[in-house]
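So the structure is just underneath, and the comments pick up after that.
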Protein chains: 2
Amino acid sequence: MNELQSTNRNRRILGIDPGVNITGYGVIDQTGQQLELVEAGVLRGGKGDLSERCLRLYQGLVEVLESLHPDEMAIEQLYSHYQRPRTAIIMAHARGVLCLAAQQREIPMSDYAATQIKKVLTGNGRASKGQMQLAVCREFQLAEAPEPPDVADALATALCHAFIGRS
Amino acid sequence: MNELQSTNRNRRILGIDPGVNITGYGVIDQTGQQLELVEAGVLRGGKGDLSERCLRLYQGLVEVLESLHPDEMAIEQLYSHYQRPRTAIIMAHARGVLCLAAQQREIPMSDYAATQIKKVLTGNGRASKGQMQLAVCREFQLAEAPEPPDVADALATALCHAFIGRS
């Protein structure tokens, strides 16, 4: 481990917005105060039953991990979707296999509540989707918000992790 | 595929009772009307965070799959634990990685509601834990119910799948 890494200033962060249909991912590099967008996109669960879709997401994330080699992973917290148990239970299957892929490679994981991610990025724990997208665009000087919104959510999660490590 | 298999009469069934602390498993052979207990036990999530425990469960199930080669897997249905969302969400992470292990090996999976398993084994969808254990003991001529109860639950799930295929 070199000095930069030991002070948490040189790291590649993977942010994940888990979902069975679409999982957003965003990879950013943090060098000192500098943040750079490396790659962002979606993994698609596709058709079939829940297990088939989880396998596809798992394989997709393995590909991302093996091509981009993130040092750390940040993912939305477990209990954010409490209000809709059916959605939460399905999402948790996807979240389980995504975390498994990272754990198999011993990538440290951090999780953040949705409200915390909003608060860190905008100062407001109840920021709207539009405000969040604006914060992501501003950080990476993007002319337009990445589509689908899951990509911006994944980048927001990665940014939250970077900002918290930086402060 | 031989004739026995094509009529669903000769198959090895793995029943799973998923949990992050303890996942019960039970492997049975079905040959015509005959049912035989092959092996039953537990996989332990052990200590650590959810991802570490999911990895341990996944590795444990991979070992079972690779040593016992079940043809089919039966697992309790997704929405049985609706009433306790926190437990359900954690359990769904475990369920996700367990299903992944089977899906990676193209093992067909069936899921059953808890009430359905009870109904098939005892005739009563609201059977008590004791009645269920008795049904499992009777089927395999066991003097005592397997411990911990997760083992009996896994065997009950495998039995439910066997009975439904047989009828």
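Would you say A:D29 is without any contact (Cβ under 8 Å) to a residue 40 or more places away in the chain and within 13 Å of another protein chain (Cβ to nearest Cβ)? The answer is no for A:D29. For the range B:39-66, the set of residues classified as charged (D, E, K, R) and more than 9 Å from every other protein chain (Cβ to nearest Cβ) consists of B:E39, B:R44, B:K47, B:R53, B:R56, B:E63, B:E66, listed by residue number. Being over 16 Å from B:V97 (Cα atoms) and surrounded by 12 or more Cβ atoms within 10 Å (Cβ to Cβ) is the filter here; which residues of the range B:37-72 pass it? Once the filter is applied, which keeps residues that are over 16 Å from B:V97 (Cα atoms) and surrounded by 12 or more Cβ atoms within 10 Å (Cβ to Cβ), the range B:37-72 yields B:L37, B:V38, B:E39, B:A40, B:G41, B:G48, B:L68, B:H69, B:P70, B:D71, B:E72.
Among the residues making up the range A:151-167, those that are of a type outside the set (A, V, I, L, M, F, W, C) and either touching a Cys at 6+ places or on another chain (Cβ under 8 Å) or modelled with pLDDT of 95 or more (or both) are A:D153, A:T157, A:H161.
The values are calculated or read from the model by the stated rules, or taken from the named source; none is laboratory data. Note that the structure is predicted; figures quoted are calculated from it, not measured. We place every Cβ from the backbone using ideal geometry, glycine too, and count neighbours over all the protein chains shown.
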